[in-house]
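The structure appears right after this line, and notes come after that.
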Amino acid sequence: MNLRPWYALLLASSVLELAACQSLLKKRDPDPAPSAAPVVTPPAVVAPVPTTPPVAEVAPNQATVDEATVPASQDFEDEAFAKVTTANFRAQFTQLKTDIAKP
């Protein structure tokens, strides 16, 4: 099947759409003229600086956590392989879903 006529039609329609967009941009109104009376903004009011002494900054409480004590998924793999079998995996899965759903 010869696709050249389709490509030509696609090219022609794209050119026409581009020309229509350009003509719409030219027809759009330019920015409105500024009003005759200029707007005057009042001077900014500066608040006085408070004379209270600065509060001593409190250092954040950095609790040190031993990363070895935080349980990870690798810690539970051996237990899971021993507990879950092909015969009871559906029951274990539903039990896990209900445990997760509890607040």
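Between a residue in region 76-103 that is free of Cβ contacts under 8 Å to residues at least 40 places away in the same chain and any residue that is of a type in the set (A, V, I, L, M, F, W, C) and surrounded by 10 or more Cβ atoms within 10 Å (Cβ to Cβ), which pairs come within a Cβ distance under 8 Å, given they are 6 or more apart or on different chains?
Going by the 8 Å Cβ cut-off, the qualifying pairs are GLN92/VAL84.
Quick one: which residue in ALA59, ALA44 is at pLDDT 70 or above, among the hydrophobic types (A, V, I, L, M, F, W, C), in a loop (DSSP other than H, G, I, E, B) and under 38 Å from the mean Cα position of the chain (by Cα)? Walk me through it before giving the result.
Working: ALA59 fails: at pLDDT 70 or above.
When all the criteria are applied, what remains is ALA44.
Anything in region 63-88 that is hydrophobic (A, V, I, L, M, F, W, C) and loosely packed, with under 10 Cβ neighbours inside 10 Å? List them, or say none. Quick ask: steps written out before the conclusion?
To start, the set of residues in region 63-88 that are hydrophobic (A, V, I, L, M, F, W, C) comprises 63, 65, 68, 70, 72, 76, 80-82, 84, 87.
The answer is ALA63, VAL65, ALA68, VAL70, ALA72, PHE81, ALA82, ALA87.
The values are calculated or read from the model by the stated rules, or taken from the named source; none is laboratory data. Just so we're clear, the structure is a prediction, and the values are computed from it rather than from any experiment. Reconstructed Cβ throughout: ideal geometry from the backbone, glycine too, with neighbour counts over all protein chains shown.
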